[in-house]
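The values are calculated or read from the model by the stated rules, or taken from the named source; none is laboratory data. These numbers were taken from a predicted model, which means no experiment stands behind them. Here Cβ is always computed from backbone atoms with ideal geometry, including for glycine, and neighbour counts include all displayed protein chains. With ligands, DNA and RNA removed, areas are computed over all heavy atoms of the protein, side chains included. Shrake-Rupley method; radii C 1.70, N 1.55, O 1.52, S 1.80 Å.
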Amino acid sequence: MKTPFKLPSAARVRRFAADNVVVLIFLSVTAIAVPSSNLSASYIIQDLLTRYGRNAFLVFSLLLPIMAGMGINFGMVLGAMAGEIGLIFAVDQGIAGVQGLLYAVLVGAPIAVLLGWIAGQVLNRARGREMVTGYILGFFMDGVYQFVVLYLMGAIIPITSKAITLSRGYGIRNTLGLDSVRQSLDKLLKLELGPFDLPMATYLVIALLALFIVWFRRTKLGQDMRAIGQDQTVSHSAGIPVERTRILAIVISTLLAMVGQIIFLQNMGNMATYNAHRQTGFFAAAAILVGGASVAKATIPNVLVGVGLLHLMYIVVPPAGARLFGSAQIGEYFRDAMSYAVIALALALHAWRKRANAESARAGLRGAASGAVQPAKTEGGAE
Amino acid sequence: MNKLKTAVADFGWPRIIIFFFVVALFVAAPLVGVRVDGALSDVLSRFGQNGILVLALVPMVQAGAGLNFGLPVGIIAGLLGGTLSMQFGLSGWAGFLGAVGISLPFAVLFGWAYGLLLNKVKGEEMTIAMYVGFSMVTFFAILWLLLPYSSPNMVWGYSGTGLRTTITLDGYWTKILNDFLAIRIGRFFVFPTGLLAFFAAATGTMWLFLRSKTGTAMTAVGSNPDFARAGGVSSDRMRLVSVVVSTVFGAVGILVYQQSYGFIQLYQAPLYMAFPAVAAILLGGASVNKASMVNVLVGTFLFQAILTMTPNVINSVLQTDMSEVIRIVISNGMIIYALTRKTKVSK
Amino acid sequence: MPDDTPLLSLEGITKDFYGTTVLRDVTFALKRGEILGLVGENGAGKTTLMRILFGMPVIAETGGFGGTVRIDGQPVSFRNPFDALDAGIGMVHQEFSLIPGFTTTENIMLNREPSRRNVAVDLFGPRMATLDRPAMTTRATKAIERLGVELDPDMLVSEMPVGHKQFTEIAREIDRENVKLLVLDEPTAVLAESEAEILLDSLRRLAAQGISIIFISHRLHEITAVADRVVVLRDGQLVKDTSAKGVEVREIAAWMVGREVDANARVRSDRKYGGPALEVERLWVDMPGETVRDVSFSVREGEIFGIGGLAGQGKLGIPNGIMGLFAAGGTVRLHGKHVELDAPRAALDAGMAFVSEDRRGVGLLLDESLDWNIAFTAMQVKGSYLKRWLGGLFSLRDEKAMRALAEQYIEQLEIKCTGHRQKAKELSGGNQQKICLAKAFALEPNLLFVSEPTRGIDVGAKKLVLDKLRHYNRDEGTTIVMVSSELEELRAICDRVAIVDEGRIAGILPPDAPLADFGLLMAGERAAEASA
């Protein structure tokens, strides 16, 4: 793809600003907060490096549904739940280290595929409002997850370890210690670079995922997803199986979210059994949008920039709030408010721009050639 | 038979199942030693407590702006009214009515701005509304800390600034509506006359509003925006009106809720308040683009009956507290059901 | 000499929709490398015929068709368009079906991309194969070359001029190796004159390569320019199948519209008109698919003014633009007073009313009751059917008055329904149309636009609707502008008939003008300039 023409520089700057307003707002807030936070550069960088390893994989799981025109897959929390179930079994079986993580992935995979398939079916029935439906679906499945983990595990689903079971004999404890697998991936290939610890194995996994996505875009399936993302009707009439492809996009996204959540939790080292997934979708969505993605277009750089920016803000704003307002609490509310507002703003800008584009496209037709959309449907049918 | 079938299909199996579930709860209650009159009393007071928040969803649904997941915008206006009224030292009826009065201008202002935004994003209202609500709540969490509130009953004792997470309304207007002309029957049953009368008045107001020229135009916009436009009605304006009315009812709704609950809850508390209201109205038979007073009344009653009865009855039966799971699955299941139904407006 | 079996032959094709015959015993054949010009008015059966050829599911769902379709002499029956594609039939639609963010190449190769196998294919199936981009470009370029046009294979569709989109679409069809027959439905409708010329050249070139072409166009001069043979359909019957050699545009126009019985059209000498009621100058309307480019006309007080023309030419855009439903520009005056455009309310306030052609989309509140449908506009515009309370402080719907109004029209227009509370969607098409009329009448307009008033309704309702219009014109003095695809209907009821072609008025004729004159105007021959 090439740029067809060059805009004059002032207009170019304006257009760049309009396209990246979300990023710019975020950047300026963070730029103010960094010096006020009084944190050392090396602390910030180390924290960022850790958070990259912890979060990037999860954010990548949003790419494919966006490509397939389904917006931000808030239903990715279903994948996170599958990952958590995998980890529960890994801990219960006492499988430690990277093997434990692999075991969790193996257990989580079929669950993620099933949940992804269900989510895909549901979203296919909610065309045009996939995002809100995905969001509520996350809530709904949270209930089902609670039912399974709190009531069935240890009662119907065999759980051997007493240590992770509630004292009443069934149900998993509120906090699950992940000591057996704690940071096993991060520590697998640890690189000490000056004052910094780099979890190279985790980065390697993320890099492989990025490569996978680059490759996937070049496959037939990837091309079909791009086509569907732009026009379902045309794709359908060209013979592309629209519904199936959309379901596949969600299944893959759910699978990736499952792996992503396992990577996230191995870094954290323990798991709030019933809460760990609640904010997953929110953080991932905020990150990708902060990175300059829209509901219809997201790239790998969007993910990388977004994770960096969002987490930079999460690191520096609370201490900055403490210093500026005497309350770290204010900083914490502020970063949440910013993240929510960024999601709202990015979604609103996209919806607004879509309408503006449609209108300007029509304006181009005025007085010129017509779109010639004939009411041919009624001709043979009704007369 | 066919008619019955279409009626059932129209109403939807999930609603019918839930309806029978509620009936079963009431039938089972005495068998497991739960007092029906006490339970009924609870249900009634929660019905009045939550009703206006559910009612607030009606105008936007009718105007085609979808389910108002941004209800917290109105709730924030109500919280401002409530806290300011306390700050000014108003109590009793003056306090409650003062809270309502103070919250109204905020609600109109917020609703107007929120409505302008929603008009720009037609087709994506619900997701954006949700996040507008979230960011509003968190943004105000900062303000609750920063605004110069000083009444000792409201601010943190040790620092003297910043509102508390939960502020008791004791000594101000706790249960002022609930207790107004309340009728006590036996030991366990109280009929909250004032509360229900207020709810009835609010419902009546909404009913009248929908029958006015503006309300009629609004309904037409939701039913078929092109028809309304051809009839000289500006759909943007009608949607804006609907958002403002919804926000105002949200503000009043939370004040009624709080006086019954006895506390003002601040900070993150309003974050998810839209969801139970949305679930309730859908449970009552509303769809994403049609809602009536009957939907509100039936839905709120059923939903609150489930919330009240399940902990008691199910726990006694299963010896375990599954009510939370049941609440999550039913309320969100109901919303998903409504979102995935083919939109009924025939075109 | 190659064999003489025609590539395509249609034998006795008959089709009816719910008892209405839309195609009757249509038989013709098409030789290899031949260009066949298919001509007919709206509703003549062209679209249905093409749907049958392509095996569109809608045909089977409505009871199939009679007759036989043969390809290379073998009877075929396609279950869906993909079967037709496999058999080598390509279709270029009126609407672009292109992916905007894809390049020319990606669109030409859409869902037929050449790809390379890899390990993932064995594991997860053929969709995991990677696209072979160089091969895609080569094939796309080859298809473009066959057309003989210049197209950048790497340009995004969204950045293309319209003409290029059309060529991309054609290139997509001829990329199929086995393509033998290409159907083009009004391919020049969106093109400028010069682009259309290039397209016709491409068609000749394709035909020379042995591809047969069915070319549907209302621009009859294009038909005479490019077609080897002309087939004319009228009212579902084939009325002419002749070599295009030496055929005049005027002849085709006459075949297209000519009807034997023509009793209704007559000039009414007793008609008296007042001064100008509606004056329209240089009107443009941006209505998708019905663009009005530059239209001026004036309607006299007390007149019934007809606007006809083929679908997509812009006749529907005129009332929709004047009533403010689509972006419009130009000058409109009603009784000398300027009417604001882009403002439905202003048009209504000025005393105009509109019965939309889009009954279900614009005309009705399908989910609401009949009294709502009839009274709504009058309530909003004139404040009728409201009851005022507390000295006018607020007003509520006057359901009693609404009911009375609804019942009045139910009786007057013989609307078949269970009562004024019935939902509009439950009525039949004809009765829905009557509701739309009632809604307009309730406004007591001094100028009434009716758009396609008889489309899709049965004969009895048709007559009643037209009688009521005539009645309102004669007895209430309402000036009426009637837009219709049915030429006969226009000639039967109107005092003058304007024909719109390509967004402009091709001419205005008295209703008793020769049919061929109407046909010529529709075919884009602007010869008979304002003979009225």
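Of the numbered conditions (1) over 30 Å from C:GLN432 (Cβ atoms); (2) of a type outside the set (A, V, I, L, M, F, W, C); (3) open to solvent by 30 Å² or more (accessible area, probe 1.4 Å); (4) within 14 Å of another protein chain (Cβ to nearest Cβ), B:THR310 satisfies every one except a single condition; which is it?
(3)
Please tell me if C:LYS387 is of a type outside the set (A, V, I, L, M) and in a helix (DSSP H, G or I).
Considered against the rule, which asks whether it is of a type outside the set (A, V, I, L, M) and in a helix (DSSP H, G or I), C:LYS387 comes out as no.
Please find, among A:ALA119, A:ALA112, A:ALA104, the residue that is open to solvent by less than 50 Å² (accessible area, probe 1.4 Å), farther than 30 Å from A:GLY292 by Cβ, in a helix (DSSP H, G or I) and in contact with a Leu (Cβ under 8 Å, 6 or more places away or on another chain).
Step by step, each of A:ALA119, A:ALA112, A:ALA104 is checked, and only A:ALA104 is open to solvent by less than 50 Å² (accessible area, probe 1.4 Å), farther than 30 Å from A:GLY292 by Cβ, in a helix (DSSP H, G or I) and in contact with a Leu (Cβ under 8 Å, 6 or more places away or on another chain).
List the number of the failed condition for B:ALA277; all other conditions in (1) small (Gly, Ala, Ser); (2) within 14 Å of chain A (Cβ to nearest Cβ); (3) open to solvent by 30 Å² or more (accessible area, probe 1.4 Å) hold.
Here B:ALA277 meets the rest and fails (3).
The rows are residues; the columns are (1) within 30 Å of B:MET154 (Cα to Cα); (2) part of a helix (DSSP H, G or I); (3) open to solvent by 50 Å² or more (accessible area, probe 1.4 Å); (4) modelled with pLDDT under 90.
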site: B:PHE26; (1), (2), (3), (4): no, yes, no, yes
site: B:ALA29; (1), (2), (3), (4): no, yes, no, yes
site: B:VAL34; (1), (2), (3), (4): no, no, no, yes
site: B:LEU40; (1), (2), (3), (4): no, yes, yes, yes
site: B:ARG46; (1), (2), (3), (4): yes, yes, yes, no
site: B:VAL61; (1), (2), (3), (4): no, yes, no, no
site: B:ILE76; (1), (2), (3), (4): yes, yes, no, no
site: B:MET86; (1), (2), (3), (4): yes, yes, no, no
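Just give me the residues in the stretch B:116-137 being β-branched (Val, Ile, Thr) and over 17 Å from A:PHE74 (Cα atoms), in sequence order.
B:VAL121, B:VAL137
Could you check, for the stretch B:198-211, whether at least one of its residues is buried (at least 24 other Cβ atoms within 10 Å of the Cβ) and in contact with a helix residue (DSSP H, G or I) (Cβ under 8 Å, 6 or more places away or on another chain)?
Scanning the stretch B:198-211 turns up at least one residue that is buried (at least 24 other Cβ atoms within 10 Å of the Cβ) and in contact with a helix residue (DSSP H, G or I) (Cβ under 8 Å, 6 or more places away or on another chain).
So which residues in the stretch C:39-53 are of a type in the set (A, V, I, L, M, F, W, C) and either under 18 Å from C:SER485 (Cβ atoms) or within 11 Å of chain A (Cβ to nearest Cβ) (or both), if there are any at all?
Within the stretch C:39-53, C:VAL39, C:ALA44, C:LEU49, C:MET50, C:ILE52 qualify.
Looking only at the stretch A:134-154, how many residues end up being open to solvent by 10 Å² or more (accessible area, probe 1.4 Å) and without any contact (Cβ under 8 Å) to a residue 24 or more places away in the chain?
7
Mind checking which pairs have a first residue in the stretch B:117-146 that is under 18 Å from B:VAL278 (Cα atoms) and at the interface with another protein chain (Cβ under 8 Å from one of its Cβ atoms) and a second that is of a type in the set (Lys, Arg) and part of a loop (DSSP other than H, G, I, E, B), Cβ under 7 Å, 6 or more apart or different chains?
Listed pairs, sorted by first residue: B:MET126/A:ARG129.
So in the stretch C:330-372, with the set limited to residues that are surrounded by fewer than 17 Cβ atoms within 10 Å (Cβ to Cβ) and part of a strand (DSSP E or B), which one is farthest from the other protein chains (Cβ to nearest Cβ)?
Restricting to residues being surrounded by fewer than 17 Cβ atoms within 10 Å (Cβ to Cβ) and part of a strand (DSSP E or B), the top hit is C:ARG333.
Out of the residues in the stretch C:501-515 meeting the condition of being under 21 Å from the mean Cα position of the chain (by Cα), of a type outside the set (D, E, K, R) and open to solvent by 10 Å² or more (accessible area, probe 1.4 Å), tell me which one is nearest to C:TRP284 (Cα to Cα).
The extreme case among them is C:ILE505.
Just to be sure I understand, how many residues within the stretch B:161-197 are under 20 Å from B:GLY253 (Cα atoms), assigned to a strand (DSSP E or B) and open to solvent by less than 40 Å² (accessible area, probe 1.4 Å)?
Residues that pass the stated criteria total 1.
What residue, among those in the stretch C:416-433 that are in a helix (DSSP H, G or I) and open to solvent by 10 Å² or more (accessible area, probe 1.4 Å), is nearest to B:SER223 (Cα to Cα)?
If we take residues in the stretch C:416-433 being in a helix (DSSP H, G or I) and open to solvent by 10 Å² or more (accessible area, probe 1.4 Å), then C:LYS425 is nearest to B:SER223 (Cα to Cα).
Table: residues versus (1) over 16 Å from C:HIS93 (Cβ atoms); (2) open to solvent by less than 10 Å² (accessible area, probe 1.4 Å); (3) touching a Leu at 6+ places or on another chain (Cβ under 9 Å); (4) of a type in the set (A, V, I, L, M, F, W, C).
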site	(1), (2), (3), (4)
C:ARG172	no, no, yes, no
C:VAL183	no, yes, yes, yes
C:THR188	no, yes, yes, no
C:LEU199	no, yes, yes, yes
C:ALA208	yes, no, no, yes
C:SER212	yes, yes, yes, no
C:ILE216	no, yes, yes, yes
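Within the group C:LEU405, C:LEU413, C:LEU386, C:LEU437, which residue is closer than 27 Å to C:THR479 by Cβ, crowded, with 18+ Cβ neighbours inside 10 Å and over 33 Å from the mean Cα position of the chain (by Cα)?
One residue alone meets the criteria, C:LEU405.
Each row is one residue, and each column tells you yes or no for (1) buried (at least 19 other Cβ atoms within 10 Å of the Cβ); (2) more than 14 Å from chain A (Cβ to nearest Cβ); (3) within 22 Å of C:GLY274 (Cβ to Cβ); (4) not hydrophobic (A, V, I, L, M, F, W, C).
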{"position": "C:ASP467", "(1), (2), (3), (4)": "no, yes, no, yes"}
{"position": "C:GLU476", "(1), (2), (3), (4)": "no, yes, yes, yes"}
{"position": "C:ILE480", "(1), (2), (3), (4)": "yes, yes, yes, no"}
{"position": "C:SER485", "(1), (2), (3), (4)": "yes, no, no, yes"}
{"position": "C:GLU489", "(1), (2), (3), (4)": "yes, no, no, yes"}
{"position": "C:ILE493", "(1), (2), (3), (4)": "yes, yes, yes, no"}
{"position": "C:ILE499", "(1), (2), (3), (4)": "yes, yes, no, no"}
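Could you check the stretch C:80-127 and list, in sequence order, the residues that are part of a helix (DSSP H, G or I), at pLDDT below 90, open to solvent by less than 20 Å² (accessible area, probe 1.4 Å) and at the interface with another protein chain (Cβ under 10 Å from one of its Cβ atoms)?
Residues satisfying the conditions are C:ALA120, C:VAL121.
Step by step: first the residues of the stretch C:373-383, then only those that are among the β-branched types (Val, Ile, Thr) and at the interface with chain B (Cβ under 7 Å from one of its Cβ atoms), then the one that is least open to solvent (accessible area, probe 1.4 Å). Which residue is that?
The extreme case among them is C:THR377.
Which ranges mark the helices (runs of 4 or more DSSP H) fully within the stretch A:217-335 that have 3 or more residues being touching a residue at least 24 places away in the same chain (Cβ under 8 Å)?
Counting at least 3 such residues, we get A:220-230, A:242-268, A:280-290, A:300-325.
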